[in-house]
1. Which members of the stretch 48-62 meet the condition of being surrounded by fewer than 18 Cβ atoms within 10 Å (Cβ to Cβ) and of a type in the set (Lys, Arg)?
2. Within the stretch 53-71, is there a residue that is of a type outside the set (A, V, I, L, M), in contact with a His (Cβ under 8 Å, 6 or more places away or on another chain) and without any contact (Cβ under 8 Å) to a residue 60 or more places away in the chain?
3. Say we look at the stretch 29-47 and pick out the residues that are farther than 19 Å from residue 130 by Cα and in contact (Cβ under 8 Å) with a residue 60 or more places away in the chain; which of these is surrounded by the fewest Cβ atoms within 10 Å (Cβ to Cβ)?
4. Pick out, from the stretch 80-135, the strands (runs of 3 or more DSSP E) lying fully within it that include 3 or more residues that are surrounded by 13 or more Cβ atoms within 10 Å (Cβ to Cβ) and at pLDDT below 95.
5. Only residues that are at pLDDT below 95 and of a type in the set (Val, Ile, Thr): list them for the stretch 1-29, please.
Amino acid sequence: MSQALFQGHTEEQQLSKIIRKTNPRILGLITDLRALSRDNGVNIWRDIAKRLERPTRNYSEVNLSKINRYTSEDETVIVPGKVLSSGNIEHKVIVAALGFSDSAKEKIMEKGGSCLNIEDLVKENPNGSGVKIMQ
């Protein structure tokens, strides 16, 4: 039965997962996160890689009000998607995400926090210790 479904495909095509992402940054990031997770035995990077493999329309969009509500001073947060500026942030946080709205970045910087790419956070903290995932 399954042979009929894949008729005309090579064995490699049948066994490989279909990847529809075209953004080379995302593809490279997923590959790097999986390798880092495997090498260091850190599950947080595998979790982020799985979330980034989803369709773009299912990426997280997190408002600053949510980050403010669920974090405290000097915590590190990772958002596998975009940070939006709805609400205010009242303390210093380090936020890593795929993207930021301009006003969200401005509000985070005003409070002394920092905005990083996920790639930069991985370089700074390869063990993923003390990082919260916000979705």
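The values are calculated or read from the model by the stated rules, or taken from the named source; none is laboratory data. Because the structure is predicted, anything quoted here is derived from the model rather than measured. Neighbour counts run over all protein chains shown; Cβ positions are idealised from the backbone, glycine included.
1. 50, 54, 57
2. There is at least one residue in the stretch 53-71 that is of a type outside the set (A, V, I, L, M), in contact with a His (Cβ under 8 Å, 6 or more places away or on another chain) and without any contact (Cβ under 8 Å) to a residue 60 or more places away in the chain.
3. This residue is 32.
4. Where strands (runs of 3 or more DSSP E) fall fully within the stretch 80-135, none carries at least 3 residues being surrounded by 13 or more Cβ atoms within 10 Å (Cβ to Cβ) and at pLDDT below 95.
5. Residues satisfying the conditions are 10, 18, 19, 22.
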